[in-house]
């Protein structure tokens, strides 16, 4: 991912309606974990970041099932961060 794309992604992660998501997503980005992901995993993270706040929060807290198997490992990483 190019630096400009990464900065736009980080900005989207910081500007969430839920403070908990701000913290979770930016902590993951700032820890360097995002940079360790392969291209497909980075795309899955971007898809998660594009979700509505409450839908994403329900996935991260386990209140909702993850239907897309590509998202499962990313959600698991976010839950640990």
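Residues that are under 15 Å from residue 3 (Cα atoms) and either in contact (Cβ under 8 Å) with a residue 40 or more places away in the chain or buried (at least 18 other Cβ atoms within 10 Å of the Cβ) (or both) within the stretch 20-30 comprise just one, 29. Applying the criterion of being modelled with pLDDT of 95 or more and in a loop (DSSP other than H, G, I, E, B) to the residues of the stretch 69-81, the residue that is farthest from residue 25 (Cα to Cα) is 69. Of all residues in the stretch 1-14, those that are touching a residue at least 24 places away in the same chain (Cβ under 8 Å) and at negative phi have Cβ atoms under 9 Å from Cβ atoms of residues that are outside any helix (DSSP H, G or I) and exposed (fewer than 13 other Cβ atoms within 10 Å of the Cβ), 6 or more apart or on another chain, in 12/50.
Take the stretch 31-68 and flag every residue that is part of a loop (DSSP other than H, G, I, E, B) and surrounded by 13 or more Cβ atoms within 10 Å (Cβ to Cβ). The answer is 37, 51, 64, 66.
The values are calculated or read from the model by the stated rules, or taken from the named source; none is laboratory data. Computed from a predicted structure; not experimentally measured. For neighbour counting, all protein chains shown are included, and Cβ atoms are generated from backbone atoms with ideal geometry for every residue, glycine included.
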